[in-house]
1. Does residue 94 fit the bill of being open to solvent by less than 60 Å² (accessible area, probe 1.4 Å), out of contact with any Asp or Glu (no Cβ under 9 Å at 6 or more places or on another chain) and either part of a helix (DSSP H, G or I) or not aromatic (Phe, Trp, Tyr) (or both)?
2. Over 16 Å from residue 106 (Cα atoms) and in contact with a strand residue (DSSP E or B) (Cβ under 9 Å, 6 or more places away or on another chain): is that true of residue 82 in this structure?
3. Is the range 55-65 home to any residue that is in contact with a strand residue (DSSP E or B) (Cβ under 7 Å, 6 or more places away or on another chain) and free of Cβ contacts under 8 Å to residues at least 12 places away in the same chain?
4. For the range 98-105, state whether one or more residues are touching a strand residue (DSSP E or B) at 6+ places or on another chain (Cβ under 9 Å), on the phi > 0 side of the Ramachandran plot and either part of a strand (DSSP E or B) or not β-branched (Val, Ile, Thr) (or both).
5. Do you know which residues across the range 34-74 are assigned to a loop (DSSP other than H, G, I, E, B), open to solvent by less than 70 Å² (accessible area, probe 1.4 Å), more than 30 Å from residue 121 (Cα to Cα) and touching a Leu at 6+ places or on another chain (Cβ under 9 Å)?
6. Cβ contacts < 6 Å: first residue without any contact (Cβ under 8 Å) to a residue 60 or more places away in the chain and among the charged types (D, E, K, R), restricted to the range 79-98; second residue part of a strand (DSSP E or B) and open to solvent by 50 Å² or more (accessible area, probe 1.4 Å), any location; separation 6+ or different chain. Result?
Amino acid sequence: MLSTALIGFGFAAQAAELIMVEEPGCAWCAKWESELGDIYPKTSEGKYAPLRKVKLHDLKRSDGPDALGVMPARPVVFTPTFLLIEDGKELARLQGYPGEDFFWGLLEQMLLENTDYVTPPAEQSGS
């Protein structure tokens with residue numbers, strides 16, 4: 001009943017989430033944060049698949065996946081790794097941060113191929 005009410009107010013009834021697996025001292029994680037950290041939640045991609053950050057150490061704990069509600073399809077080794085998650089299960093992943101220009105296209109491709117995400121007609125990815 002609650003989800004139906006939310007749909008009426010313009011909220012999508014999706015459960016996609018983008019998990020950023022990071023670790024302290026990761027230069028590429030810091031680069032993503034400085035280039036896109038503030039922008040991501042304002043984009044159509046960020047609104048569709050909100051970002052949640054998870055520490056690699058926490059994910060690797062024996063109870064990590066269950067405690068965090070994230071079930072990767074295979075172990076995460078590199079940071080950052082972006083996991084597209086729905087209902088706790090991995091749908092797709094992007095290992096590493098390829099830079100701002102490539103990130104948006106790769107993220108959009110992940111969303112289009114694995115969810116019901118539709119690119120807004122008046123908007124380009126990442127704007």
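The values are calculated or read from the model by the stated rules, or taken from the named source; none is laboratory data. Just so you know, these numbers come straight off a predicted model, no measurement behind them. Cβ coordinates were reconstructed from backbone atoms using ideal geometry, including for glycine residues, and neighbour counts include every protein chain displayed. The protein model used for the area step is the full one, side chains on, heavy atoms only, and it has no ligands, DNA or RNA in it. Shrake-Rupley method; radii C 1.70, N 1.55, O 1.52, S 1.80 Å.
1. Values: open to solvent by less than 60 Å² (accessible area, probe 1.4 Å): yes; out of contact with any Asp or Glu (no Cβ under 9 Å at 6 or more places or on another chain): yes; either part of a helix (DSSP H, G or I) or not aromatic (Phe, Trp, Tyr) (or both): yes.
Judged against the criteria, residue 94 is a match.
2. On the way: over 16 Å from residue 106 (Cα atoms): no; in contact with a strand residue (DSSP E or B) (Cβ under 9 Å, 6 or more places away or on another chain): yes.
Spelling it out, it is not the case that residue 82 is over 16 Å from residue 106 (Cα atoms) and in contact with a strand residue (DSSP E or B) (Cβ under 9 Å, 6 or more places away or on another chain).
3. From the range 55-65, those in contact with a strand residue (DSSP E or B) (Cβ under 7 Å, 6 or more places away or on another chain) are 55-56, 59, 65; that's our starting set.
Keeping just the survivors that are free of Cβ contacts under 8 Å to residues at least 12 places away in the same chain gives 65.
Scanning the range 55-65 turns up at least one residue that is in contact with a strand residue (DSSP E or B) (Cβ under 7 Å, 6 or more places away or on another chain) and free of Cβ contacts under 8 Å to residues at least 12 places away in the same chain.
4. Initial filter on the range 98-105 (touching a strand residue (DSSP E or B) at 6+ places or on another chain (Cβ under 9 Å)): 103.
Within this subset, residues satisfying the condition of being on the phi > 0 side of the Ramachandran plot are none.
No: the range 98-105 contains no residue that is touching a strand residue (DSSP E or B) at 6+ places or on another chain (Cβ under 9 Å), on the phi > 0 side of the Ramachandran plot and either part of a strand (DSSP E or B) or not β-branched (Val, Ile, Thr) (or both).
5. 70, 72
6. These pairs meet every condition: 89/71.
To keep it simple, each residue is scored yes or no on (1) closer than 13 Å to residue 19 by Cβ; (2) more than 13 Å from the chain's Cα centre (by Cα); (3) at pLDDT 95 or above.
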{"site": "39", "(1), (2), (3)": "no, yes, yes"}
{"site": "42", "(1), (2), (3)": "no, yes, yes"}
{"site": "50", "(1), (2), (3)": "yes, no, yes"}
{"site": "68", "(1), (2), (3)": "yes, yes, no"}
{"site": "79", "(1), (2), (3)": "yes, yes, yes"}
{"site": "89", "(1), (2), (3)": "yes, no, no"}
{"site": "93", "(1), (2), (3)": "yes, no, yes"}
{"site": "104", "(1), (2), (3)": "no, no, yes"}
{"site": "110", "(1), (2), (3)": "yes, no, yes"}
